[in-house]
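Working notes, beginning with the structure itself.
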Amino acid sequence: MSVRTIEFRTSVRESDPRVVREITDSTGFFYPEEVETAVELVDDWLLKGPRCGYHFLFADQDGRTVGYTSYGPVACTKESYDLYWIVVAGDYRGKGLGTQLLERTELAIAALGGTRIYIETSARPFYAPTRAFYLARGYTQVAELEDFYAPGDAKAMYLKVVPRPAR
């Protein structure tokens, strides 16, 4: 299975809520309420279109969506964006697709005028590979909020400053 044959799309399809549910479920990382939140973002886009404020990048291989990101501007800022979700199907993890999705998302954010990308994740030991992934791709941990998600489950926040694209 080669990630070189991946096709990327920004369009949102009617089938994407189901696909997002399947992908997030396949990872084993997310609680059911988190999966529901991921699906709600896609539902919101299908209801409101681009004015909902969410952007998506989907990775498809052989007609199957195998990963995606969701991102959007941080309210009341000029150049800051949140990366809400980056998810790769369980059977595609560790093959470089997450890196491709992240790099393409960073370029898309820069094209929208974003220069600061924020990512939040759990500080639980289970998420150590996720945090290492962000650090290895140039993100810096800028905060940790104790007991944010639950007692003993802090929120780790990461930042990467990206250059504006040349015009």
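The values are calculated or read from the model by the stated rules, or taken from the named source; none is laboratory data. These numbers were taken from a predicted model, which means no experiment stands behind them. Counting neighbours? That spans all protein chains shown, and the Cβs are built from the backbone with ideal geometry, glycine included.
Looking across region 116-129, the residues that are closer than 17 Å to residue 98 by Cβ and touching a residue at least 12 places away in the same chain (Cβ under 8 Å) come down to 117, 119, 120, 121, 122, 126, 127. In the set (1) acidic (Asp, Glu); (2) in contact with a Phe, Trp or Tyr (Cβ under 7 Å, 6 or more places away or on another chain); (3) in contact (Cβ under 8 Å) with a residue 24 or more places away in the chain, residue 44 fails one condition alone, (3).
Can you tell me which residue among 139, 92 is modelled with pLDDT of 95 or more and either over 16 Å from the mean Cα position of the chain (by Cα) or among the aromatic types (Phe, Trp, Tyr) (or both)? It would help to see each step written out before you state the result.
Numbers: 92 fails: modelled with pLDDT of 95 or more.
Just a single option satisfies the conditions, and that option is 139.
When we screen 108, 150, 156, 132 for residues that are more than 12 Å from residue 81 (Cβ to Cβ), in contact (Cβ under 8 Å) with a residue 12 or more places away in the chain and aliphatic (A, V, I, L, M), the only hit is 156. Please verify whether residue 39 is surrounded by 14 or more Cβ atoms within 10 Å (Cβ to Cβ) and touching a Phe, Trp or Tyr at 6+ places or on another chain (Cβ under 7 Å), treating the condition exactly as stated. No: the conditions fail for residue 39. For the subset of region 154-164 comprising residues that are surrounded by 15 or more Cβ atoms within 10 Å (Cβ to Cβ) and modelled with pLDDT of 95 or more, which member is farthest from the chain's Cα centre (by Cα)? Here the residue is 154. Residue 66 - would you say it is in a strand (DSSP E or B), touching a helix residue (DSSP H, G or I) at 6+ places or on another chain (Cβ under 9 Å), closer than 20 Å to residue 89 by Cβ and touching a residue at least 60 places away in the same chain (Cβ under 8 Å)? Yes.
Take the conditions (1) loosely packed, with under 15 Cβ neighbours inside 10 Å; (2) under 22 Å from residue 79 (Cα atoms); (3) touching a residue at least 40 places away in the same chain (Cβ under 8 Å); residue 140 misses just one of them, which is (3).
You will find that of 143, 166, 132, 128, the residue that is on the phi < 0 side of the Ramachandran plot and either aromatic (Phe, Trp, Tyr) or in a strand (DSSP E or B) (or both) is 143 and no other. When residues in region 138-167 are screened for being in contact with a Leu (Cβ under 6 Å, 6 or more places away or on another chain) and closer than 19 Å to residue 103 by Cα, 1 of them pass.
When you look at residue 118, is it buried (at least 18 other Cβ atoms within 10 Å of the Cβ), assigned to a strand (DSSP E or B) and among the hydroxyl-bearing types (Ser, Thr, Tyr), yes or no? Taking the combined requirement at face value, the residue satisfies it. Against the test of being more than 16 Å from the chain's Cα centre (by Cα), part of a strand (DSSP E or B) and of a type outside the set (Lys, Arg), the options 149, 81, 71 yield a single qualifying residue, 149.
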